[in-house]
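First up is the structure itself, then whatever we jot down about it.
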């Protein structure tokens, strides 16, 4: 009876949430740099980095739990109440969620008009900063950490696992990636870990046809990459803050689609369960 009561308390305990700070990642020294420093008896000077802020949500209990790094779009983080609601859904599945704020610490309002390649690189390093931070937490399983990105954040997540790319510099890697409505125009489709792309057929900002063309030109090299296109869905189709309030943003139509949101969540949850084994 005591064991049953304890299990019920664990299952009904609220998720824990806190604001955390951690550094954006830097590329590790190359073997040549390490050898030269050793031969010369000099220390390798750490690279300058940005101190990031994030919201950490986790199930109650010791874990270790699988974890997710969430990467926002070009407009920055969304409304807090919807972010918290999303976190409740992830923690209910038994996953830790880290929502990274890449713009706030850098004093950036948005990057929807003037996104630059160097900022994309910065955000990829932010993703790895989140990965390394989570891997160091005692309640996180370091071998089961995924990235979930939205719009520009989806591009960041895909760049983080591009085959033969920046992930080769790190000892820790993402277990899987979920990319909501990325711009596939310049992607090869070669990824280093299993990846799922979710996008709306009516998206006029990051057109689904670009992702379909990418899938058609794939060489088959790398890990499994799946694409799901939702008919009748626009950009940000899963953003519940748009429920009943579609709008145009930077010249593009944003609209919530309940059917697409539900189907995409189920596809994502199934992908995470398969990758995490739970």
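We did not get these values from a lab; they are worked out from the coordinates using the rules stated. All of these numbers come straight from a predicted model, not from anything done at the bench. Here the Cβ is made from the backbone with ideal geometry for all residues, glycine too, and neighbour counts use every protein chain on show.
Each peptide among 79-87, 186-194 gets the average number of other Cβ atoms lying within 10 Å of its residues, and from highest to lowest they stand as 186-194, 79-87. Listing 177, 161 from fewest to most neighbouring C-beta atoms within 10 Å gives 161, 177. Protection proxy ranking, highest mean first, for peptides 241-248, 169-176: 169-176, 241-248, where packing is the per-residue count of other beta-carbon atoms within 10 Å, averaged.
Were the residues from residue 93 through residue 262 laid out at 0.36 nm apart, the gain over their Cα-Cα distance would be 59.3 nm. log₁₀ I(q)/I(0) of the chain at q = 0.08 Å⁻¹, via Debye over equal Cα point scatterers, no solvent, to two decimals? Cα-only, vacuum Debye calculation for the chain: -0.34.
How far, in nm, would the chain grow between residue 110 and residue 49 when pulled straight, counting 0.36 nm per residue and subtracting the alpha carbon separation?
Gain on extension, residue 110 to residue 49, equals 19.9 nm.
All Cα-Cα distances of the range 121-176, cut into 5 Å bins from zero to the largest, leave 4, 20, 33, 26, 13, 4, 0 percent in each bin in turn. When 249, 180 are arranged by Cβ crowding within 10 Å, least crowded first, meaning fewest neighbours, the order is 249, 180. Remark on the range 152-278: Rg and Dmax equal 14.7, 45 Å (Cα only).
Here the simple spin-label model places points 7 Å from the Cα toward Cβ, and for residue 201 and residue 231 these points are separated by 0.4 nm. Helical content alone sets the calculated 222 nm signal of the chain at -10500 deg cm²/dmol, taking -39,500 (n - 2.57) per DSSP H segment of four or more residues and averaging over every residue. Over every Cα atom in the range 225-278, the radius of gyration and the widest Cα-Cα span, Dmax, amount to 13.1, 41 Å.
Ranked by the mean number of other Cβ atoms within 10 Å of their residues, highest first, the peptides 125-133, 137-145 fall in the order 125-133, 137-145.
If I take R0 = 30 Å and measure r between the Cβ atoms of residue 42 and residue 170 in this structure, what FRET efficiency does the formula 1/(1 + (r/R0)^6) give, to the nearest 0.05? Kindly include the intermediate steps, with their values, before the conclusion.
Values: r = 24 Å, r/R0 = 0.80.
Taking R0 as 30 Å, the efficiency between residue 42 and residue 170 is 0.80.
Give the calculated FRET efficiency between residue 186 and residue 247 to the nearest 0.05, with a Förster radius of 30 Å applied to their Cβ-Cβ distance.
0.65
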